[in-house]
Amino acid sequence: MPKDPLKTKDKSILITGGAGFIGSHLLEALLAENEVTVLDNFSSGKREYLALHNNNHNFRLIEADLLRPEAMEKALKEVDMVFHLAANPDVKLGAENTGVHLEQNVLATYNLLEAMRKSDVKRIAFTSTSTVYGEATVVPTPEDYGPLLPISLYGASKLACEAQISSYCHTFDMQSWIYRFANIVGERGTHGVLVDFIRKLRENPRELEILGSGKQKKSYLEVRDCVQAMLHCVEHSDEQVNVFNVGTEDSVDVTEIANIVARQMGLDDVRYRYTGGVDGRGWKGDVKVMQLSIDKIKKLGWTPQGGSAKAVETAVKALLKGI
């Protein structure tokens, strides 16, 4: 089992979900010094995010689905490491379709791990989520908080993926990096509160529907900052299973986010209409308060470039150009 930190230079790397929001930014960072294969079924990823790289001899695209494991052998040939981002990221969807996160997150991850085992690929980095903590009673929440009791099917699926990865590492001498993300925002974002607010205000600049009480308070990190954190962990930690929170050291509530979006859109006197939601939540499974302790990753030498409000502002500026 490899025990040294992996330098992400002159390597052959596979990104599952590399045509998605975070994946496409990770691709750009890795292509500077590595050969990178993207595996994506384009269920949510977009081809235009990859178009810039089509003539790059270090880039390869495989259009395939992780639920069809026969596609995996080709994708994993002579690969040094996998960044596994492919998933269904829509937290709200689980309340309507109880099977979607089981299939697209848990089963897809199992298929990937099995293919890695058979291909003797030993390293995997996995994008998990702060929702594995559920409604934590310790805020900021550290990585060793427990028990982990998710309140959404999405959070449950990601926790199941973490468990699978850990067990494969210990059973088959693999090594992993697991990232528990705060809310990641920025250019190419396709869903979430920022996209929702921008679309609503374009339809009706005078009134904005806000799901829940508006007091839900969470941490936000800009996507390029997130990618740097991901690479920093791989290059500076060498346990068999490395688990890191990735976020900022503060949080903003939903009403503050609405204010930022309205200001960036040049809108005054927008009336906010709160739905009240489910006990103040935006939807069932919505965690009302989330802030992660990032002391562990800071000890590796990484710190966020700014706080949550700055991340939201930067993201809104980028999204207004692309939505």
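The values are calculated or read from the model by the stated rules, or taken from the named source; none is laboratory data. Being a predicted model, the structure only gives us computed values, none of them experimental. A quick note on method: Cβ atoms are made from the backbone with ideal geometry, for glycine too, and the neighbour counts reach across all protein chains shown.
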Worksheet item: Taking into account only those residues within segment 225-256 that are touching a helix residue (DSSP H, G or I) at 6+ places or on another chain (Cβ under 6 Å) and outside any loop (DSSP other than H, G, I, E, B), which is surrounded by the fewest Cβ atoms within 10 Å (Cβ to Cβ)?
Response: 241
Worksheet item: Out of the residues in segment 153-167 that are among the hydroxyl-bearing types (Ser, Thr, Tyr) and under 16 Å from the mean Cα position of the chain (by Cα), which is surrounded by the most Cβ atoms within 10 Å (Cβ to Cβ)?
Response: 157
Worksheet item: Quick check, is residue 241 β-branched (Val, Ile, Thr) and closer than 30 Å to residue 81 by Cβ?
Response: yes
Worksheet item: Just to be sure, is residue 134 of a type outside the set (Asp, Glu), surrounded by 15 or more Cβ atoms within 10 Å (Cβ to Cβ) and at pLDDT below 95?
Response: no
Worksheet entry | Test: residue 303 is surrounded by 22 or more Cβ atoms within 10 Å (Cβ to Cβ), modelled with pLDDT of 95 or more, within 18 Å of the chain's Cα centre (by Cα) and part of a loop (DSSP other than H, G, I, E, B) | no
Discussion item. Residue pairs, Cβ under 7 Å, 6 or more apart or interchain, first in segment 287-313 and within 21 Å of residue 134 (Cβ to Cβ), second part of a loop (DSSP other than H, G, I, E, B) and of a type in the set (D, E, K, R). List them.
Written reply: 287/135; 294/249; 296/143; 308/250
Worksheet item: Yes or no: residue 174 more than 29 Å from residue 313 (Cα to Cα) and among the aliphatic types (A, V, I, L, M)?
Response: yes
Item to complete: For segment 209-224, name all the residues that are surrounded by fewer than 21 Cβ atoms within 10 Å (Cβ to Cβ) and either in a helix (DSSP H, G or I) or not small (Gly, Ala, Ser) (or both).
Response: 209, 211, 215, 217, 224
Item to complete: Determine whether segment 263-283 contains at least one residue that is in contact (Cβ under 8 Å) with a residue 60 or more places away in the chain and part of a helix (DSSP H, G or I).
Response: no
Worksheet item: Which condition number does residue 297 fail, the rest of (1) closer than 30 Å to residue 173 by Cα; (2) assigned to a loop (DSSP other than H, G, I, E, B) being met?
Response: (2)
Item to complete: Please state which of the following conditions residue 170 fails to meet, knowing it meets all the rest: (1) under 22 Å from the mean Cα position of the chain (by Cα); (2) assigned by TED's automatic domain parsing to the domain that holds residue 89.
Response: (1)
Discussion item. For segment 3-23: of the residues being out of contact with any Leu (no Cβ under 7 Å at 6 or more places or on another chain) and modelled with pLDDT of 95 or more, which is nearest to residue 42 (Cα to Cα)?
Written reply: 21
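Out of curiosity, is residue 129 among the β-branched types (Val, Ile, Thr) and over 20 Å from the mean Cα position of the chain (by Cα)? Walk me through how you get there before you give the answer.
Values: among the β-branched types (Val, Ile, Thr): yes; over 20 Å from the mean Cα position of the chain (by Cα): no.
Against the criterion (among the β-branched types (Val, Ile, Thr) and over 20 Å from the mean Cα position of the chain (by Cα)), residue 129 does not qualify.
One line per residue, one yes/no per condition, for (1) within 28 Å of residue 247 (Cα to Cα); (2) touching a His at 6+ places or on another chain (Cβ under 9 Å); (3) not in a strand (DSSP E or B); (4) not aliphatic (A, V, I, L, M):
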position	(1), (2), (3), (4)
60	no, no, no, yes
74	no, no, yes, yes
77	no, no, yes, yes
89	yes, yes, yes, yes
114	no, no, yes, yes
151	yes, no, yes, no
Item to complete: For residues that are surrounded by fewer than 13 Cβ atoms within 10 Å (Cβ to Cβ) and not basic (Lys, Arg), scanning just segment 43-55, find the one that is nearest to the chain's Cα centre (by Cα).
Response: 43
Worksheet item: Only one residue in 194, 201, 211 is outside the structural domain of residue 24 (by TED's automatic domain parsing) and touching a Phe, Trp or Tyr at 6+ places or on another chain (Cβ under 8 Å). Which one?
Response: 211
Worksheet item: Are there any pairs, at least 6 apart or on different chains, whose C-beta atoms fall under 9 Å, with the first in segment 68-90 and aromatic (Phe, Trp, Tyr) and the second assigned to a loop (DSSP other than H, G, I, E, B), and if so, which?
Response: 83/17; 83/18
